[in-house]
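Student: Questions regarding the structure given below will be posed in turn.
Just so you know, all these numbers are worked out from the coordinates, no wet-lab data involved. Since this is a predicted model, take the numbers as computed values, not measurements.
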Amino acid sequence: MKPTEKQIKVIDTVLSIIETWKNTNDINSPTHTVDIHDFLYADLESEDIIHSAITDELEDSLCNLLYTIQMI
C-alpha cells in the first residue's frame, strides 16, 4: 500500500529535520532538540496532520536518533 498524503507529509518533515543536522556546523548544539519540537509542531500538529500524542512520539524518536548520531 502506498503512503497516504499525511504519511508523506510526516516523512517530508522528518527528512527536513534530519537534513538540518546534515548541514549544521555544530551537530552537538542543543538547538537541534528544540528545532525538532518546533518543526513537528509547525509543519504537522498545527496543520492538524497529526495529534499531540503522535508529535510527542515522533519527537522522542527523533531525539533518540539525534543522540545516537552525536555519539558516533
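Student: Length gain on complete extension for the stretch ILE18 to GLU47, per 0.36 nm per residue less the alpha carbon to alpha carbon distance? Don't skip to the end; give the middle numbers.
Tutor: Values: separation 29, 0.36 × 29 = 10.44 nm, distance 2.04 nm.
Value of the extension gain: 8.4 nm.
Student: Sticking with this one: Hey, what do the phi angles of the range 42-52 turn into as Karplus ³J(HN,Hα) couplings, whole Hz, using 6.51/-1.76/1.60 and θ = phi - 60°, x for Gly and Pro?
Tutor: 5, 7, 10, 5, 5, 8, 6, 8, 9, 9, 4
Student: Show that you can apply the helix-only estimate: for the chain, add -39,500 (n - 2.57) for every DSSP H stretch of four or more residues, divide by all residues, and state [θ] at 222 nm to the nearest 500. All intermediate terms of the calculation are to be shown ahead of the outcome.
Tutor: Numbers: 3 runs with 48 residues, N = 72.
That calculation yields -22000 deg cm²/dmol at 222 nm.
Student: Additional query: By how many nm would the segment from GLN70 to GLN7 lengthen if fully extended, with 0.36 nm per residue of separation less the alpha-carbon distance? Working shown, then result.
Tutor: Details: separation 63, 0.36 × 63 = 22.68 nm, distance 2.69 nm.
So the extension gain works out to 20.0 nm.
Student: Quote the convex hull volume per residue of the chain, based on C-alpha atoms, as a whole number of Å³.
Tutor: Values: hull volume 6.8 nm³, N = 72.
Dividing the Cα hull volume of the chain by its residue count gives 95 Å³.
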